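Below is one structure; the comments refer to it alone.
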Amino acid sequence: MTRIACLHTADSNAAVFDEALVTAGLTGVSLHHAVRADLLAAAERQGRLTPEIAAETVALLRGLSAGAGAVLLTCSTLGPAADDAALDSPVPVLRVDAALAAEAVEAGGRVVVLCAVETTVGPTRRLFEDAARATGATIDVRVVPQAWAAFKAGDRDRYHARVAEAADAAWAAGATRVALAQASMTGAAARLPADRRPLTSPAVGLAAAASRARTVPPKGP
């Protein structure tokens, strides 16, 4: 059995990743969910991922490695902390949007990346631009207006509707690929026709973590 520990900053993302596990067809994989919404809230107050918030996130990720085959950070704002945690972790530590970025830029062209929260823009742009160097893709990172306010108000329907509208507009303007930077945006994809659905991170991120994970021996009686 492969055990993946997920660090979320939104309670609702646990269900998103449980569903993505099925979508990805990953048998023999179990998920452990840890939620620290306060970390994203702190980054929003500061307007960025500060060294202090990053250090706390790194410590949490390293702690989650105990008993796990891999650790997956599902918050795009905190994403760079996964790279730091991976340096001396006993198991792979990944950021969920890394696999998304690789998939999005694979065909080159113009990639539009949608974000809901401002603090995600910087880490997301750096990640996607780094991935794009290998393919020549151009990266356009945008914030979806009013989406995050809807999410924080608990109105998931309006949140996903705003994201779907922005994705549809990006396709209409000639995007080669459209990607949703945050895992919480995943539900918006199903609102668009199959040939215009944006790329999302949970399933590909879990698949990447599973492919690199170490098998955790079963516990004794």
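The values are calculated or read from the model by the stated rules, or taken from the named source; none is laboratory data. Remember, predicted model here, so these are calculated numbers, not experimental data. A quick note on method: Cβ atoms are made from the backbone with ideal geometry, for glycine too, and the neighbour counts reach across all protein chains shown.
For the structure I just gave you, tell me whether A153 is surrounded by fewer than 21 Cβ atoms within 10 Å (Cβ to Cβ), among the aliphatic types (A, V, I, L, M) and within 30 Å of V29 (Cα to Cα). So A153 does not fit the description; no. Here L39 clears all of (1) touching a Ser or Thr at 6+ places or on another chain (Cβ under 8 Å); (2) in the same structural domain as A150 (by TED's automatic domain parsing) except the condition numbered (2). Here region 1-15 is the region considered, the condition is being of a type in the set (A, V, I, L, M, F, W, C) and assigned to a helix (DSSP H, G or I), and the residue that is nearest to A213 (Cα to Cα) is A14. When residues in region 92-116 are screened for being under 19 Å from the mean Cα position of the chain (by Cα) and more than 16 Å from L127 (Cα to Cα), 2 of them pass.
Conditions (1) closer than 21 Å to R45 by Cα; (2) under 19 Å from the mean Cα position of the chain (by Cα); (3) in contact (Cβ under 8 Å) with a residue 24 or more places away in the chain, marked per residue:
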| residue | (1), (2), (3) |
| --- | --- |
| T120 | yes, yes, yes |
| L127 | no, yes, yes |
| A131 | no, yes, yes |
| V141 | no, yes, yes |
| V144 | yes, yes, yes |
| H160 | no, yes, yes |
| A164 | no, yes, yes |
| T186 | no, yes, yes |
| A190 | no, yes, no |
